[in-house]
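Novice: The structure follows.
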Amino acid sequence: MSTPIWKQPGTLAEQFWKNGKLDFPVYDMHGHMGSHYAIHFYRHTPELMAEHLRKAGVKHLAFSHHHVIMGDMRNAAVAEICKRFPDLYRMYVGIVPAFPENIKEDLAMFDQWTPYAIGLKFLPDYYRIPVTDKRWEPALKFADERKLPILVHTWGSSQYDGGPVMLEVAQKYPNAKFFLGHSLYGNWEYAERLVKETNNNVWLELTAIPGERKNIEMLVEKVGSERILFGTDLPWFDEFQGIGGVLSADISDDDKRNILCRNAETILGKDW
Ligand SMILES: [Zn+2]
């Protein structure tokens, strides 16, 4: 039997298993915060999440707040939370299509939330409004004009944020940077097409993927590690599970650095 990767001297896995940290910053590009009606999270407050993130060596968590997504909190309040943890939290401005006036106001505020606001968050499947629907348009145009990231919840089988509709919008807005949350889970063919048939403006995000063996290897094989971003959905999943999953994958240490650190810096700069 071959030596497990975390026992192989000099590997990133060995470093992480031994020290609980890596010698470079990790960026978690898909998080949330706050309680949720469907599940109890012990660790959902800014304070408890911060403690956990720092322990795992995560430099920034880019997140959207559950209460914003559910429509009972405004993005301005999230910016205030970020200000209390300026070195750690970055926010996606949550776009709730049911409230067009709020969208207008929030986009007008975007610049005032610098450097905390880094992009937008869409959850088409939650609202059962296809990403191609007119109600998303003002936010799509805004991101396209400013070359901003949009983290979109995507799922392979969804008619609202699955392969065909995501391909349509990613081609229609070639300057917006689409982070495909969950990498179009299950529809790997479209995940690959999204990366290859667009204007270099699509990245696959790994939330929910490290829990299954061989999916990371398969995605790296299909699109290359430069197009893959690390994310956990914290507090839904754990940082150590996510980082451990990437480090355990049968890909090179260089690929792992790309996924956990470099790609985020390439997209957003070294000091975001
Ligand atoms: Zn999520």
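The values are calculated or read from the model by the stated rules, or taken from the named source; none is laboratory data. In this text the structure is predicted, and so the values were computed from the model without any measurement. Cβ coordinates were reconstructed from backbone atoms using ideal geometry, including for glycine residues, and neighbour counts include every protein chain displayed.
Novice: Identify, please: which residue in region 34-57 is touching a Leu at 6+ places or on another chain (Cβ under 8 Å) and under 26 Å from ASP106 (Cβ atoms) and is, among those, farthest from the ligand (Cβ to nearest atom)?
Specialist: In this case the residue turns out to be ALA50.
Novice: Tally up the residues in region 150-171 that are in a strand (DSSP E or B) and either acidic (Asp, Glu) or surrounded by fewer than 23 Cβ atoms within 10 Å (Cβ to Cβ) (or both), please.
Specialist: Residues that pass the stated criteria total 1.
Novice: Kindly indicate whether THR207 is polar (S, T, N, Q), under 21 Å from ASP28 (Cβ atoms) and at pLDDT below 95.
Specialist: Considered against the rule, which asks whether it is polar (S, T, N, Q), under 21 Å from ASP28 (Cβ atoms) and at pLDDT below 95, THR207 comes out as yes.
Novice: Take PRO174 and tell me if it is surrounded by fewer than 20 Cβ atoms within 10 Å (Cβ to Cβ), over 27 Å from TRP272 (Cα atoms) and away from the ligand (no atom under 16 Å from the Cβ).
Specialist: no
Novice: When you look at ALA76, is it buried (at least 20 other Cβ atoms within 10 Å of the Cβ), of a type outside the set (S, T, N, Q) and either in contact (Cβ under 8 Å) with a residue 24 or more places away in the chain or touching a Lys or Arg at 6+ places or on another chain (Cβ under 6 Å) (or both), yes or no?
Specialist: Spelling it out, it is not the case that ALA76 is buried (at least 20 other Cβ atoms within 10 Å of the Cβ), of a type outside the set (S, T, N, Q) and either in contact (Cβ under 8 Å) with a residue 24 or more places away in the chain or touching a Lys or Arg at 6+ places or on another chain (Cβ under 6 Å) (or both).
Novice: Can you pull out every residue in region 14-33 that is crowded, with 22+ Cβ neighbours inside 10 Å, more than 16 Å from the ligand (Cβ to nearest atom) and aliphatic (A, V, I, L, M)? I'd like the intermediate steps shown before the answer.
Specialist: Taking region 14-33 and keeping what is crowded, with 22+ Cβ neighbours inside 10 Å, we get 16, 26-33.
After this cut, where a residue has to be more than 16 Å from the ligand (Cβ to nearest atom) as well, the list is 16, 26.
Scanning region 14-33 gives a single hit, VAL26.
Novice: Give, as residue ranges, the helices (runs of 4 or more DSSP H) completely inside region 208-264 that count at least 3 residues that are within 16 Å of the ligand (Cβ to nearest atom). Break it down into steps so the answer makes sense when it comes.
Specialist: Values: elements: 215-223, 239-248, 253-257.
Where helices (runs of 4 or more DSSP H) fall fully within region 208-264 and carry at least 3 residues being within 16 Å of the ligand (Cβ to nearest atom), they are 239-248.
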